[in-house]
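Chemist: The following block contains the structure, expressed as C-alpha cells.
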Amino acid sequence: MASAIVRTSLRSALRGGSKRSFSSGASAEEEAREAAKWEKITYVGIVACSILAFVNLSKGHPHFEEPPPYPYLHIRNKEFPWGPDGLFEVKEHHSSIKANTAYCGG
C-alpha cells in the first residue's frame, strides 16, 4: 500500500505537481501512517486466517459406516449398452462367453 502512495505521488509530480490526498486536510505523513497501519492489519489478518484454516483442516472428520445395500437402488429394467453391470460399479465376471463376444464385436 505504501508503494501505491509513492506511485500516486510520482504520477502527480509528472503531471504537473497537483497533489491529490486521500481525505481533506490530511498531510502526506498522516496518509502514509494510515496506509502503513492498514498494511500491517492486512498482514495480521492473513496470518490469523491461515492459522485458523490450518487448525480447522488438521482436525479429523467423522467417518460414517457404509449404508446398507438397499435392493431398490439397483433396479435394472433393461441392460446397459456396456454390459450387465453399471458403468462405475465393480464388474462381475460371471457372464457367458457368448455375451462377452457380443460386446467385443466378435
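Chemist: Sort out which residues of the stretch 74-106 are modelled with pLDDT under 75, surrounded by 10 or more Cβ atoms within 10 Å (Cβ to Cβ), more than 37 Å from the chain's Cα centre (by Cα) and not small (Gly, Ala, Ser), and write them in order of number.
Modeler: Correct list: PRO84, ASN100, THR101, TYR103.
Chemist: Collect the residues in the stretch 48-73 that are surrounded by 10 or more Cβ atoms within 10 Å (Cβ to Cβ) and either among the β-branched types (Val, Ile, Thr) or touching a residue at least 12 places away in the same chain (Cβ under 8 Å) (or both), keeping them in residue-number order.
Modeler: Selection gives ILE51 alone.
The values are calculated or read from the model by the stated rules, or taken from the named source; none is laboratory data. Fair warning: this is a prediction, and the values are worked out from it, not measured in the lab. Cβ coordinates were reconstructed from backbone atoms using ideal geometry, including for glycine residues, and neighbour counts include every protein chain displayed.
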